[in-house]
Structures are given as structure tokens and as C-alpha cells.
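Asks: Please see the structure below; I have some questions.
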Amino acid sequence: MERFPSISLLIVAALAALVASEEFDDVARAASPGFADGFNQWHSGLLDFSGTQGLFWPHQLEPAFRDGSSFGPRQPAVEHIPVKADETADGKPEGDTEPLDVEFISGTVGNPDDTQVQIENRPPVQSYPSFGAGFGDTLFQHTFTNFPGFNNFFPGFGFNTPQFNPWWRGPNVCTEKEEDVEEWDRDMLSGLSLNFESCVEKPNKHVCKTISNRNGQKYTVTVTHKCCHGFERAREGGRHATCKKVDLHSVEETAESLGAKEFMRSVKNNGLTEKITENITMFVPLDSAFTDFSEKMFESNLVVLPLSRSRRATKDVSGITTRELALAHIVDGFVRIEDVQNEQLLTTSFENSTIRMNIFPRPPHFDSHDFRYTANCAPLLKVNKVATNGIVHVVEKVLPPVTQNILELIEGRSDMTILRTVLQKTELDKMLGEEGKSFTLFAPTDSAFEKLEPHLRRTIKEGNGCATNILKNHILDLTFCSCAVLNTVMTNTYNLLDQKMTFERVEAEKATEESEIADMTATKEITVNGMAKMTESDIMATNGVIHVIDNVIPTESGMPITSMLSSQNLTTFKRLLAASGREEEFEMLSNVSFFVPSNRALAGSQWEKELEENPSGLKDNEELIRFLNYHVGVPLIKTCDLNDDMIRTKTGEDLRVNLYATHPVFSNVMNRATVNCARLIHFDDESCGAVLHQVDKVLEPPTKSLLEILDSTEKYSMWRDFVRSTNLTSLLEDTEHDYTIMVPTNEVFRELREWYEEKMSKPEEAEMIVKNHMLTDVLCCAGIVPSDWPFVRTIEALSGRPLRIDRGRRPVVANAGVTKCDVVAKNGVLHEINDVIIPKERQRTPVSSFFW
């Protein structure tokens with residue numbers, strides 16, 4: 001208990017030191033106008049490590065931070081989902097069958113090997129004292145380390161704690177410094193002295209980036225501490241392990257010791273001995289991979305390889321020499337794998353040839369590293385093997401020179417003439433010919449296009465209709481290598497249509513000569529969306545990669561409307577379309593919306609009867625064609641864009657759209673739509689140039705006004721006379737405004753004969769009664785939903801009186817049940833009811849009732 005006063009005195013003295021410190025003054029100065037905005041911009045710049053590669057570890061940052069350019073949400077590019085237990089190769093259940101979401105980093109990202117990210121706005125602090133168990137360094141750091149003059153306040157107060165210098169301040173560390181100056185907002189930062197520092201540590205590198213304001217200029221200093229070449233930190237040495245000298249050999253000796261003797265023999269045979277004595281990075285294939293590649297390419301007469309037993313001409317018709325092949329594996333300078341970014345291009349020693357580096361995730365249950373690195377889609381087997389004059393990485397296969405883009409590769413293939421033609425007609429060839437971007441093309445061969453139904457194949461060849469969407473369904477805006485697809489795991493990514501594509505390795509069917517040449521190392525076939533197989537994989541281009549597939553991958557947004565009708569089981573409407581002879585005309589429509597009645601809605605209709613009894617008589621039937629065209633709205637509109645408005649149809653007549661809220665609480669959220677009071681029961685199915693909505697009723701264009709419906713319907717005659725006695729007939733024949741009218745039948749008034757005659761003789765009361773049966777909005781029966789206390793729904797009548805609406809066995813308005821719904825007129829809708837509507841009087845609770 002006696003120690004508490006001492007501790008209190010210590011805290012008070014520490015607070016006094018804080019108030020007296022310059023840092024307190026800096027905080028006060030920072031609270032000036034515009035500081036918040038300025039800080040956000042500075043913080044954005046702080047996270048920009050464009051001058052230093054590979055500073056962020058994807059596991060530690062949100063996806064938007066990984067490319068250093070966007071702070072908004074972004075969906076993962078690739079995810080892995082384990083195959084279900086009953087789908088594994090041996091049929092045995094596995095322990096973990098839950099879906100796994102693993103993100104893949106697209107664009108410019110940091111490297112997965114980065115160990116941490118620290119953001120500080122103060123200079124580095126000295127090592128902290130330790131109080132023993134129960135007192136952590138963090139506690140003492142936040143409490144004491146920023147107090148100037150701490151030792152002056154408490155002379156002789158010390159701690160017996162071992163002092164450790166960070167490894168990057170130790171021996172054998174080389175330092176690099178980069179400076180950059182940019183103009184900044186002088187007015188915003190006037191009077192502020194800002195200084196931010198952000199540091200990140202890697203196994204052999206420590207990078208600090210400092211951003212400061214100097215007279216309105218953004219001054220950036222990047223300082224990199226790393227083990228000098230020839231020195232490494234022992235991985236088992238912990239965080240304080242220093243840079244120690246390692247035994248190194250030449251690049252040649254290092255590569256040969258790693259199993260690349262045949263490749264190095266080819267390098268020397270091509271006169272590149274001097275080249276491999278420079279400071280370089282080499283990607284070397286193992287002897288087995290190099291020998292297999294040499295034999296197959298020699299058999300195909302594609303490349304001349306001077307192996308140990310023979311020397312041949314230096315160049316063949318393909319233009320690829322073994323010297324060029326060797327140079328395509330050499331990059332100037334030192335490239336460590338932790339400094340590599342996804343989609344980074346490394347320029348090789350062979351002119352115009354590049355190596356594209358990619359980083360792919362592994363599922364979390366894999367025992368090996370979380371990420372897999374590739375060079376031109378060849379997995380790296382061993383990395384960062386340091387030599388006296390360079391670094392060696394071992395790749396799984398030979399890396400042929402990459403000098404052509406995707407479009408040029410397609411143009412050079414004789415089995416892709418249809419694809420080349422369609423790319424040109426859809427103008428997608430321009431995109432695939434762009435440099436500086438990355439794409440993946442799943443390229444169907446001519447034989448794949450020949451498998452399509454004739455009409456669809458002809459449409460695609462002409463570049464019409466759905467050709468663009470079908471091709472976009474085959475393109476990704478990232479580099480997707482075949483090694484990203486793992487056994488027993490389903491891999492997902494998204495194409496240019498933002499639709500999911502699924503990849504899976506399956507047991508190969510009986511091997512063919514073509515498949516063996518296509519993929520020398522694959523043990524299983526890769527399927528795309530379960531509909532196509534890769535016959536050739538990882539054909540590298542300067543702007544991405546090509547995978548050859550044996551089938552065109554269908555997409556709903558690329559299907560013609562007739563195919564969409566079949567897939568949605570709207571067979572009656574499709575049969576009517578075929579019987580009329582207008583199938584091809586409808587398939588060529590674009591920018592339209594189809595409102596198609598379900599088979600149930602068309603059951604028993606006039607057109608279904610004629611379809612069964614006399615289908616040949618419907619050919620070019622003008623009435624049927626008008627009926628079909630009335631179900632086609634212009635333009636293409638999805639439900640998210642619908643409003644209470646009219647949609648012009650292909651006949652030139654209008655469809656009336658109404659939106660309703662069905663949720664008892666969120667009454668302002670419109671979640672139900674009707675067209676001519678027909679409810680949309682399935683919607684937003686995209687087809688080629690169109691969108692398909694299903695409705696639960698046949699759509700017929702209204703031909704009469706509300707008044708004309710009353711005049712032509714005998715059972716409404718007494719109500720019609722009642723309306724005429726009030727001089728309100730002008731409202732019912734006004735086609736400029738829309739109304740809803742609830743009409744009691746003659747049978748109702750016969751039961752109320754005396755009341756009916758009495759009110760007919762009193763025009764003012766009769767007018768109020770009529771207005772109680774009219775609404776100034778269009779209320780379809782689909783908009784009347786159950787409403788229970790306390791969420792009671794009401795709607796205001798033309799008289800201004802509230803009418804409660806509810807639904808039990810049938811829709812109910814106030815005290816009247818609706819016996820016939822949705823008689824659509826030119827100027828509104830009519831509902832038949834079984835009683836005269838008598839609104840309840842508004843009840844006001846006496847003030848005294850709140851207290852007694």
C-alpha cells in the first residue's frame with residue numbers, strides 16, 4: 001500500500017514532462033484548418049511504396065491496398081474451393097470439405113514474403129526497460145519513451161535490460177538511399193511541420209520511407225538496409241541474427257550444382273561464357289526438363305539445340321536459336337524472389353523478350369509455402385540461390401523467348417481462323433493487341449466453333465448479336481497460369497463479364513497424341529466451367545497467356561433469346577414464336593426487354609388453343625405477331641432501373657410499370673414490380689443483347705378507358721349510374737391521368753336498394769362515396785400484401801380518407817373484398833369488390849387517456 005503514492009508521483013511527473021515537451025506543441029500546431037484532409041493525402045502517399053518493390057504482405061492488408069492505388073472494395077481475382085469428399089480421386093472423404101476463399105493478387109502488389117508493416121510518426125525509440133513478468137515492453141513504451149528529460153526527472157533511475165541493436169544496424173549491411181521531391185499544396189500545409197516514417201522488414205532487407213513537408217514540397221527519402229551480396233541472415237537465428245558471410249560459387253557452378261548441367265552446357269556452347277560472369281539472375285531448367293524440351297522441339301523442327309553430341313546450324317525457319325533460348329533465361333542484375341511483384345515483367349538479355357512473374361495462392365491446408373511463384377507460367381522449384389556474381393532460380397520447364405502479343409499469336413495459328421475473324425468483327429482484337437496490360441484468353445479452335453448449333457455459329461462468325469459477350473466470357477484481365485489449378489481443389493476467378501469461371505483438374509481420358517504434345521507435364525486434364533478442356537496450356541505472350549480449349553464456353557448473356565426461353569422453360573411462348581416464323585427476327589433484336597408469360601399463364605389462352613389445334617395457321621399471323629411484339633419493351637432495362645412509368649413496346653403501345661413495397665417495416669423499399677398489373681416472378685436473365693423477365697399473366701394492350709369499361713359491362717351498370725349522378729365521369733374518361741377504382745357489382749346494390757336510392761338523390765354524399773372508391777395511384781392486386789398490427793398499411797382515397805389494405809384469402813380494401821383483380825384500362829385499373837367501401841372515422845384518443 002505504501003507504494004501507491006510513489007507510483008502516483010511518477011505518473012504526475014511524467015505528464016508534466018509531456019506538457020513541457022516539443023511534441024505536445026507539434027500536436028497543438030497540427031490542429032489547424034485543412035489538417036484532416038492533408039493528413040489523409042499524406043497517409044495515402046505514405047502507403048505508396050512504388051519506389052521499393054515488394055513491401056506489403058497480402059495476408060496483412062485488405063485487397064484494395066495490395067496494388068497501392070485504390071482504397072475501395074475489390075473482389076478477389078482467384079479463389080480456391082476444395083472438392084467435396086465424394087469427388088476426390090480415391091473417393092475417400094477428406095477432413096476439411098468447407099469452402100475456402102483464398103485471394104489472388106492481380107496488378108502491382110507487394111510480395112508475400114514481407115513479414116510486417118509498421119507505420120510510425122516519430123523517430124525510432126531506444127530499447128525499453130523491463131519490469132519483469134506482468135509488465136510488457138508495449139506498456140512501458142506508450143507510458144515513458146516519448147517523455148523528454150525522463151532521466152533528468154529521475155536521476156539514477158535505471159534498468160538492467162540487455163540492449164540489442166537491430167540486425168540492419170550491424171555489420172555487413174549495405175545501405176541504399178533514394179530521394180524524390182514533388183510539389184505539394186503549399187496553402188494547405190502552410191505552418192505545419194509534418195514528418196512520417198514507415199518501415200518494413202524482410203528476411204534480408206529493411207526499408208524505411210520518410211515523407212516530410214519542406215516549404216510546401218513533398219520530400220520522400222527511401223533508405224534500404226540489406227545484407228551485402230555474399231552475406232545472409234540465418235533463418236534459424238531469430239530476429240537478431242546478423243548478416244554472415246556465406247560460401248559462394250559462380251553462377252555456372254551454382255546452376256550445375258542445382259541440376260542444370262545440360263542447360264549450362266548449351267549456354268557455354270553458344271559462346272555465352274563471358275555473359276554468365278556478369279552480375280545476372282538466371283532462371284535455369286533442370287536437366288530432365290531441358291532434355292525433354294530439346295527432343296520434342298527437335299522432332300517438331302522448331303528449334304536447333306547444339307547438345308553435347310552434335311552441332312547443327314545456328315538458325316532454322318522458326319527464327320529461334322539456342323543462343324536466343326539461353327539469353328531468354330538471363331536477366332541483368334540481382335532479382336530476389338521477395339522483391340518480385342505479381343505481373344512484373346523482367347527484361348531478358350534476348351532483345352524484345354520478357355519473363356512475366358506471377359504469384360498464385362495455395363489453399364491454406366497445403367503444408368508448403370502459401371504462395372507459388374511462376375516465371376512465364378513455369379513454377380519456380382528453387383529460389384534465391386546466391387552465387388558470387390548473381391542469383392539462380394530453378395524453373396520447372398524451359399522458358400522459350402516471348403516476343404509476340406496475344407493477337408499476334410492468334411494470327412499465326414492456322415487452327416484459329418474463326419476466332420481471329422470474330423475478334424476483328426467485334427473489335428476485341430484491339431484490346432488483345434495492347435501492350436502494358438495482362439490478359440488470359442481461353443481460345444477455342446475452329447473445330448470447337450464447328451460444334452455449335454448452325455444458327456449460333458453463323459451469328460458469331462458475323463460478329464452480330466452475342467458474339468462480343470461470348471468472346472468476353474473467354475477472357476480474363478489477369479494472367480492465369482495452369483499451375484494455379486490444383487488437384488482436389490476447385491479454383492474460381494472472374495472474366496470480363498464479371499461472371500465466375502471454375503477450373504478443376506480431373507482424371508484424363510484416354511491420352512491422344514495431340515494432348516501429349518500440348519501439355520508435356522500434366523497428369524490430369526483441366527476443365528473450364530465443366531464444359532471445356534484445355535488441350536494446350538500456358539502459351540505465353542508479351543501481354544498475357546493463351547490456353548487452347550476444345551469447346552466454346554457458353555454464357556447466358558451470350559445466348560440468343562430462343563435458347564434462353566428453352567433454358568427458362570418458357571416453351572409455350574417459344575413455340576408461338578416458332579409458329580409465327582419470327583424466331584430469327586427476335587434473335588437479332590438488341591437493346592430490348594422481353595416480358596414473357598410463364599407456361600402456366602398461357603395455359604388455356606386463345607393462343608395455346610390455336611397452337612394445339614392449328615399450328616400451321618399461325619404462320620405470319622398478324623394478330624399473333626402483334627401479341628408477341630407487345631411483350632418486347634424498348635430499351636433493355638433491368639429491375640434495378642425500373643420506375644413507375646411507361647415502357648414503349650415493339651408495337652408502339654405502352655406497358656405500365658408499377659413498383660410496390662412488401663416489407664412491413666421498410667415501406668419505402670420497392671421490391672415488387674408489375675407490368676400491366678402482371679407480377680414479375682423471375683427477372684434480369686441476360687441474353688444476347690436483351691434481358692428476360694417472366695410475368696404471371698398474359699399481357700394485352702388496354703383498349704378502353706375506365707368509363708368505357710363501366711359502360712360495356714352490364715354488372716357494373718348501377719355503379720355507372722351512381723357515378724353519372726355525381727358528374728365525376730370526366731375523371732374516368734381522362735386518359736392523361738391514372739386512377740384505381742373499386743367497383744361494387746349490381747348484386748351488392750340490390751341488397752342495399754333503399755340506401756342506393758337515398759344516396760342517388762343526394763349528389764354531395766354520392767360524390768363522397770364515389771371518391772372513397774377511387775385512388776389517384778395505380779394499385780394492382782400484387783401490391784396488396786398482408787398487414788398486421790402494428791404494421792397496418794393504408795392508402796389515401798380521392799376523398800382524402802385513409803383506406804386500410806390487407807390480404808387474407810383475397811385482397812381487402814377497407815371493409816370490401818376484391819372478387820376480381822386488375823381489369824387494366826388506358827387510364828388505370830379496375831377492381832371488382834363485394835361491398836360498398838365505408839372508411840372508418842379517424843379516432844382521436846382523449847388527452848386524459850394518457851394519464852388514467
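Asks: Is there any pair linking a residue in region 735-756 that is within 11 Å of I833 (Cα to Cα) to one that is of a type in the set (D, E, K, R) and open to solvent by 80 Å² or more (accessible area, probe 1.4 Å), with Cβ under 7 Å and at least six apart or on different chains, and which?
Replies: T745/K715; N746/K715
Asks: Any chance you could count how many residues in region 590-606 are modelled with pLDDT under 95 and in a helix (DSSP H, G or I)?
Replies: Residues in region 590-606 being modelled with pLDDT under 95 and in a helix (DSSP H, G or I): 1 in total.
Asks: Restricting to region 573-627, and then to whatever is of a type in the set (F, W, Y) and more than 37 Å from the chain's Cα centre (by Cα), can you tell me which residue is farthest from P702 (Cα to Cα)? Spell out the reasoning first.
Replies: Quick first cut of region 573-627, residues of a type in the set (F, W, Y) only: 573, 586, 594-595, 607, 627.
Going one step further and asking which of them are more than 37 Å from the chain's Cα centre (by Cα), we end up with 607, 627.
On the way: W607: 18, F627: 12 Å.
It comes out as W607.
Asks: Need at least 3 residues that are open to solvent by less than 50 Å² (accessible area, probe 1.4 Å) and over 25 Å from D645 (Cα atoms) per element, so show me which helices (runs of 4 or more DSSP H) inside region 728-832 make the cut, counting only ones lying wholly within it.
Replies: Numbers: elements: 729-732, 746-751, 753-760, 763-772.
In region 728-832, 746-751, 763-772 are the helices (runs of 4 or more DSSP H) which contain 3 or more residues that are open to solvent by less than 50 Å² (accessible area, probe 1.4 Å) and over 25 Å from D645 (Cα atoms).
Asks: Another one. Being modelled with pLDDT of 95 or more and of a type outside the set (G, A, S): is that true of P444 here? Can you show your working first?
Replies: Values: modelled with pLDDT of 95 or more: yes; of a type outside the set (G, A, S): yes.
Against the criterion (modelled with pLDDT of 95 or more and of a type outside the set (G, A, S)), P444 qualifies.
Asks: Follow-up. Can you name the residue in region 657-679 that is β-branched (V, I, T) and part of a loop (DSSP other than H, G, I, E, B) and, of all such residues, is surrounded by the fewest Cβ atoms within 10 Å (Cβ to Cβ)?
Replies: Step one: of region 657-679, the residues β-branched (V, I, T) are 657, 662, 665, 669, 674-675.
Of the ones still in play, those that are also part of a loop (DSSP other than H, G, I, E, B) are 662, 665, 669.
Numbers: T662: 17, V665: 8, V669: 10.
Among those residues, the one meeting the criterion is V665.
Asks: Output yes when any residue across region 680-699 is modelled with pLDDT of 95 or more, farther than 30 Å from T555 by Cα and open to solvent by 10 Å² or more (accessible area, probe 1.4 Å), and no when none is.
Replies: Within region 680-699, none of the residues are modelled with pLDDT of 95 or more, farther than 30 Å from T555 by Cα and open to solvent by 10 Å² or more (accessible area, probe 1.4 Å).
Asks: Open to solvent by 30 Å² or more (accessible area, probe 1.4 Å), at negative phi, touching a Cys at 6+ places or on another chain (Cβ under 8 Å) and modelled with pLDDT of 90 or more - does that describe any residue in region 205-223?
Replies: Yes, that holds for at least one residue.
Asks: If you don't mind, there's one more thing I want to ask. Just checking, does region 444-457 include any residue being touching a Pro at 6+ places or on another chain (Cβ under 7 Å) and open to solvent by 10 Å² or more (accessible area, probe 1.4 Å)? Don't jump to the end; show me each part of the working.
Replies: Going residue by residue through region 444-457, those that are touching a Pro at 6+ places or on another chain (Cβ under 7 Å) are 456.
Subset that is open to solvent by 10 Å² or more (accessible area, probe 1.4 Å): 456.
There is at least one residue in region 444-457 that is touching a Pro at 6+ places or on another chain (Cβ under 7 Å) and open to solvent by 10 Å² or more (accessible area, probe 1.4 Å).
Asks: State all residues of region 241-272 that are over 14 Å from N204 (Cβ atoms), part of a loop (DSSP other than H, G, I, E, B) and touching a residue at least 60 places away in the same chain (Cβ under 8 Å); if no residue qualifies, say none.
Replies: Once the filter is applied, which keeps residues that are over 14 Å from N204 (Cβ atoms), part of a loop (DSSP other than H, G, I, E, B) and touching a residue at least 60 places away in the same chain (Cβ under 8 Å), region 241-272 yields L248, H249, S250, L258, G259, A260.
Asks: Are any residues in region 262-282 out of contact with any His (no Cβ under 8 Å at 6 or more places or on another chain), surrounded by 15 or more Cβ atoms within 10 Å (Cβ to Cβ) and not hydroxyl-bearing (S, T, Y), and if so, which ones?
Replies: Of all residues in region 262-282, those out of contact with any His (no Cβ under 8 Å at 6 or more places or on another chain) come to 262, 264-280.
From what is left, the residues that are surrounded by 15 or more Cβ atoms within 10 Å (Cβ to Cβ) are 262, 264-267, 269-270, 272, 275-276, 280.
Within region 262-282, E262, M264, R265, V267, N269, N270, L272, K275, I276, I280 qualify.
Asks: How many of the residues making up region 556-587 are open to solvent by less than 30 Å² (accessible area, probe 1.4 Å) and charged (D, E, K, R)?
Replies: Adding up the residues that qualify gives 1.
So that you can scan it fast, the table gives a plain yes or no per residue for (1) farther than 22 Å from R323 by Cα; (2) hydroxyl-bearing (S, T, Y):
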{"residue": "L345", "(1), (2)": "no, no"}
{"residue": "T348", "(1), (2)": "no, yes"}
{"residue": "P363", "(1), (2)": "yes, no"}
{"residue": "R372", "(1), (2)": "yes, no"}
{"residue": "C377", "(1), (2)": "no, no"}
{"residue": "E396", "(1), (2)": "no, no"}
{"residue": "P401", "(1), (2)": "no, no"}
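Asks: Quick one: is V669 under 30 Å from N591 (Cα atoms), modelled with pLDDT of 95 or more and of a type in the set (A, V, I, L, M, F, W, C)?
Replies: Working: under 30 Å from N591 (Cα atoms): yes; modelled with pLDDT of 95 or more: no; of a type in the set (A, V, I, L, M, F, W, C): yes.
Taking the combined requirement at face value, the residue does not satisfy it.
Asks: Among (1) crowded, with 16+ Cβ neighbours inside 10 Å; (2) at negative phi, where does G259 come up short?
Replies: Here G259 meets the rest and fails (2).
This table checks each residue for (1) surrounded by 19 or more Cβ atoms within 10 Å (Cβ to Cβ); (2) touching a His at 6+ places or on another chain (Cβ under 8 Å).
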site: E324; (1), (2): yes, no
site: N342; (1), (2): yes, no
site: L345; (1), (2): no, no
site: T348; (1), (2): yes, yes
site: A378; (1), (2): yes, no
site: L381; (1), (2): no, no
site: T388; (1), (2): no, yes
site: I406; (1), (2): yes, no
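Asks: Here's something else I'd like to know. Looking only at strands (runs of 3 or more DSSP E) that fall completely inside region 366-485, which ones have 2 or more residues that are more than 30 Å from S557 (Cβ to Cβ)?
Replies: Numbers: elements: 371-375, 378-387, 390-395, 439-444.
Passing ranges, in order: 371-375, 378-387, 390-395.
Asks: If you check every pair at least six apart or on different chains, which have Cβ atoms under 9 Å apart with a residue in region 644-666 that is in contact (Cβ under 8 Å) with a residue 24 or more places away in the chain first and a residue that is of a type in the set (D, E) and in a strand (DSSP E or B) second?
Replies: What qualifies is I647/D654.
Asks: Now a separate question. Is it fair to say G530 is at pLDDT 95 or above and at positive phi?
Replies: Details: at pLDDT 95 or above: no; at positive phi: yes.
No.
Asks: Also, quick follow-up: Filter region 770-805 for residues that are more than 41 Å from the chain's Cα centre (by Cα) and among the polar types (S, T, N, Q) and give the result.
Replies: Selection gives N772, T776, T794, S799.
Asks: Any residue in region 317-326 that is part of a loop (DSSP other than H, G, I, E, B), modelled with pLDDT under 60 and either among the hydroxyl-bearing types (S, T, Y) or in contact with a strand residue (DSSP E or B) (Cβ under 8 Å, 6 or more places away or on another chain) (or both)?
Replies: Taking region 317-326 as the starting set, the residues that turn out to be part of a loop (DSSP other than H, G, I, E, B) are 317-320.
When the remaining residues are screened for being modelled with pLDDT under 60, the result is 317-319.
Checking which are either among the hydroxyl-bearing types (S, T, Y) or in contact with a strand residue (DSSP E or B) (Cβ under 8 Å, 6 or more places away or on another chain) (or both) leaves us with 318.
Yes: one or more hits.
The values are calculated or read from the model by the stated rules, or taken from the named source; none is laboratory data. The model shown is predicted, which means the values in this text are computed figures rather than measured ones. As a convention, Cβ positions derive from the backbone with ideal geometry for all residues, glycine included, and neighbour counts pool all protein chains shown. What goes into the accessible areas is simple: the full protein's heavy atoms, side chains included, and nothing from ligands, DNA or RNA. Shrake-Rupley method; radii C 1.70, N 1.55, O 1.52, S 1.80 Å.
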